[in-house]
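Heads up: the structure comes next, in structure tokens.
The values are calculated or read from the model by the stated rules, or taken from the named source; none is laboratory data. The structure displayed is predicted, hence computed values, not measured ones. Virtual Cβ from ideal backbone geometry, glycine too; neighbours counted across all protein chains shown.
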Amino acid sequence: MSILISPLVTEKVSALNEKGKYGFIVDSAANKVEIKKAVEKMYSVNVEKVNTTNVLGKSKVRFTKGGTVAGRRPNYKKAIVTLASGEVIDFYSNV
């Protein structure tokens, strides 16, 4: 079971990166301790704090010839990780 699914690369999270905070989409069953250990192991950094939130998927409606089709995007869990001062994660090193 992989705890870290993908890093969040949005404008809002990129602004937080300058303050030493990084965002990740994580497994919905993972807790803060597991997320902290996974980030420290994968990126070799010291994590000070982990904040998590469960994000509700957006509802989507499509109007077709056959009628209205309603559904939802999948729910996911988001983690904002605060690193110790002076530490950096570079997501773009392999590009």
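So, in segment 13-37, of the ones that are at pLDDT 95 or above and among the basic types (K, R), which residue ends up nearest to N54 (Cα to Cα)?
The residue in question is K32.
What number of residues in segment 1-57 are among the polar types (S, T, N, Q) and outside any strand (DSSP E or B)? Walk me through how you get there before you give the answer.
Pass one, segment 1-57, residues among the polar types (S, T, N, Q): 2, 6, 10, 14, 17, 28, 31, 44, 46, 51-54.
With outside any strand (DSSP E or B) added as a condition, the list becomes 2, 10, 14, 17, 28, 31, 44, 46.
Residues that pass the stated criteria total 8.
Scanning for something without any contact (Cβ under 8 Å) to a residue 60 or more places away in the chain and in contact with a Pro (Cβ under 8 Å, 6 or more places away or on another chain), does segment 54-61 turn up at least one residue?
Here is the first cut: in segment 54-61, the ones without any contact (Cβ under 8 Å) to a residue 60 or more places away in the chain are 54-61.
This time we only want the ones that are in contact with a Pro (Cβ under 8 Å, 6 or more places away or on another chain), so: 57.
Checking segment 54-61: at least one residue is without any contact (Cβ under 8 Å) to a residue 60 or more places away in the chain and in contact with a Pro (Cβ under 8 Å, 6 or more places away or on another chain).
Do we have K78 as farther than 17 Å from E18 by Cα and modelled with pLDDT of 95 or more here? Full working, then the answer.
Values: farther than 17 Å from E18 by Cα: yes; modelled with pLDDT of 95 or more: yes.
It is true that K78 is farther than 17 Å from E18 by Cα and modelled with pLDDT of 95 or more.
Out of all the residues in segment 20-42, is one or more in contact with a Pro (Cβ under 6 Å, 6 or more places away or on another chain) and of a type outside the set (D, E)? Write out each step before concluding.
Kept after step one, since they are in contact with a Pro (Cβ under 6 Å, 6 or more places away or on another chain), are these residues of segment 20-42: 24.
Imposing the further condition that a residue be of a type outside the set (D, E) reduces the set to 24.
Yes, that holds for at least one residue.
For segment 1-48: of the residues being of a type in the set (D, E, K, R) and surrounded by 12 or more Cβ atoms within 10 Å (Cβ to Cβ), which is farthest from G86 (Cα to Cα)?
D27
I'd like to know if segment 38-56 contains one or more residues that are among the aromatic types (F, W, Y) and at pLDDT below 95. Let's see the steps before the verdict.
Step one: of segment 38-56, the residues among the aromatic types (F, W, Y) are 43.
Imposing the further condition that a residue be at pLDDT below 95 reduces the set to 43.
For segment 38-56, residues among the aromatic types (F, W, Y) and at pLDDT below 95: present.
Can you list residue pairs whose Cβ atoms sit under 6 Å apart, with the first residue in segment 75-92 being exposed (fewer than 15 other Cβ atoms within 10 Å of the Cβ) and the second being outside any loop (DSSP other than H, G, I, E, B)? Count only pairs 6 or more apart in sequence or on different chains.
What qualifies is A84/E48; F91/P7.
Could you please let me know if K60 is assigned to a strand (DSSP E or B) and surrounded by fewer than 13 Cβ atoms within 10 Å (Cβ to Cβ)? Before you say what the answer is, go through the steps one by one.
Details: assigned to a strand (DSSP E or B): yes; surrounded by fewer than 13 Cβ atoms within 10 Å (Cβ to Cβ): yes.
In short, yes.
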